[in-house]
Amino acid sequence: MKLITISGLDGSGKSTQIKLLQDYLEQKGSKVFYFHAVQFSLAKKITDFRNKYCLICKLLGKCKVYTEKSVTKANTLQIFLRKLFLRIDIWRFGLLRNKLRNNGYDYILSDRYFYDSIINIAFLEGREQKFLFPTGGLVAPDFAIYLQTSPENIMWRERVPDQGLEYLKKKKELYDAKIAAWGLTVVDGDRDKNIVFEEIKRVVILNEA
Ligand code: ADP
């Protein structure tokens with residue numbers, strides 16, 4: 001079973017490419033599991049649960065653990081919890097992977113991966129020296145693609161991230177600094193989505209040959 005991850009800035013086209021890749025692999029007869037690192041995360045699940053059932057959260061309007069604002073701002077405790085949850089998520093993912101393997105899946109396609117979660121935490125910390133989140137225990141993808149897309153181009157797209165240009169620029173610096181350390185395969189995302197997909201397909205097929 002292969003793990004293919006697509007990382008990149010918000011709005012860089014990850015979901016678009018994952019969908020194209022999933023359709024392509026399924027048409028070839030492969031059994032594919034779609035994985036979304038944020039939807040899977042414990043922090044998100046707790047927030048959803050609290051928003052649904054917690055009376056205080058309902059009164060406040062929304063749970064304060066994982067709000068839209070918490071993408072750009074978080075206090076020390078929230079950052080600590082993010083890191084703790086991330087550790088647990090990495091462990092949970094290992095279990096999920098074993099289960100999928102036993103169920104005969106050929107691929108896990110990951111829309112965002114824990115790399116993206118690490119970048120998000122690094123952004124919140126805002127201090128480069130702390131950007132040393134250990135990736136020990138993290139399942140190394142078979143193909144880790146980084147959709148390198150310019151923040152300016154993203155701001156012209158059909159659906160634009162709410163956090164704005166400066167946020168994207170800062171995050172791009174964080175991603176770019178990790179390309180070598182994480183062994184990311186860079187794919188230029190500043191092109192037509194079908195051209196981008198042709199390259200992703202080539203990367204996957206070439207590496208499988
Ligand atoms: P992400 O999953 O990285 O947040 P999406 O795949 O949701 O990004 O794409 C964000 C927006 O950009 C969508 O409106 C999508 O249609 C558009 N988009 C995706 N890929 C491209 C591309 N290569 N060129 C222009 N627009 C794109």
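The values are calculated or read from the model by the stated rules, or taken from the named source; none is laboratory data. This is a predicted model, so every value here is computed, not measured. As a convention, Cβ positions derive from the backbone with ideal geometry for all residues, glycine included, and neighbour counts pool all protein chains shown. Side chains included, ligands, DNA and RNA excluded: accessible areas come from the protein's heavy atoms. Shrake-Rupley method; radii C 1.70, N 1.55, O 1.52, S 1.80 Å.
Only one residue in Gly61, Gly94, Gly13 is on the phi > 0 side of the Ramachandran plot and modelled with pLDDT of 90 or more. Which one? Don't jump to the end; show me each part of the working.
Working: Gly61 fails: modelled with pLDDT of 90 or more; Gly94 fails: on the phi > 0 side of the Ramachandran plot.
The unique qualifying residue is Gly13.
Out of Val32, Val71, I need the residue that is under 21 Å from the mean Cα position of the chain (by Cα), more than 24 Å from Lys170 (Cβ to Cβ) and either at pLDDT 95 or above or within 16 Å of the ligand (Cβ to nearest atom) (or both). Which one?
When all the criteria are applied, what remains is Val32.
Please state which one of Gly126, Gly189, Gly136 is open to solvent by 40 Å² or more (accessible area, probe 1.4 Å) and either farther than 26 Å from Leu3 by Cα or modelled with pLDDT of 95 or more (or both). Break it down stepwise before answering.
Working: Gly189 fails: open to solvent by 40 Å² or more (accessible area, probe 1.4 Å); Gly136 fails: either farther than 26 Å from Leu3 by Cα or modelled with pLDDT of 95 or more (or both).
Result: Gly126 is the single residue among Gly126, Gly189, Gly136 that is open to solvent by 40 Å² or more (accessible area, probe 1.4 Å) and either farther than 26 Å from Leu3 by Cα or modelled with pLDDT of 95 or more (or both).
For the range 150-179, give me the residue count where each residue is of a type in the set (A, V, I, L, M, F, W, C), away from the ligand (no atom under 12 Å from the Cβ) and within 17 Å of the chain's Cα centre (by Cα). Step through it out loud before you land on a result.
First, the residues of the range 150-179 that are of a type in the set (A, V, I, L, M, F, W, C): 154-156, 160, 165, 168, 174, 177, 179.
Next, from what is left, pick out any that are away from the ligand (no atom under 12 Å from the Cβ): 165, 174, 177, 179.
Now drop any that are not within 17 Å of the chain's Cα centre (by Cα), which leaves 174, 177, 179.
Residues flagged as of a type in the set (A, V, I, L, M, F, W, C), away from the ligand (no atom under 12 Å from the Cβ) and within 17 Å of the chain's Cα centre (by Cα) within the range 150-179 amount to 3.
Can you tell me which residue in the range 1-29 is surrounded by the fewest Cβ atoms within 10 Å (Cβ to Cβ), limited to those that are of a type in the set (Ser, Thr, Tyr) and either under 20 Å from Gln148 (Cα atoms) or within 12 Å of the ligand (Cβ to nearest atom) (or both)?
Of all residues in the range 1-29, those of a type in the set (Ser, Thr, Tyr) come to 5, 7, 12, 15-16, 24.
Narrowing the set further to residues that are either under 20 Å from Gln148 (Cα atoms) or within 12 Å of the ligand (Cβ to nearest atom) (or both) leaves 5, 7, 12, 15-16.
Values: Thr5: 27, Ser7: 27, Ser12: 28, Ser15: 14, Thr16: 17.
So the residue we want is Ser15.
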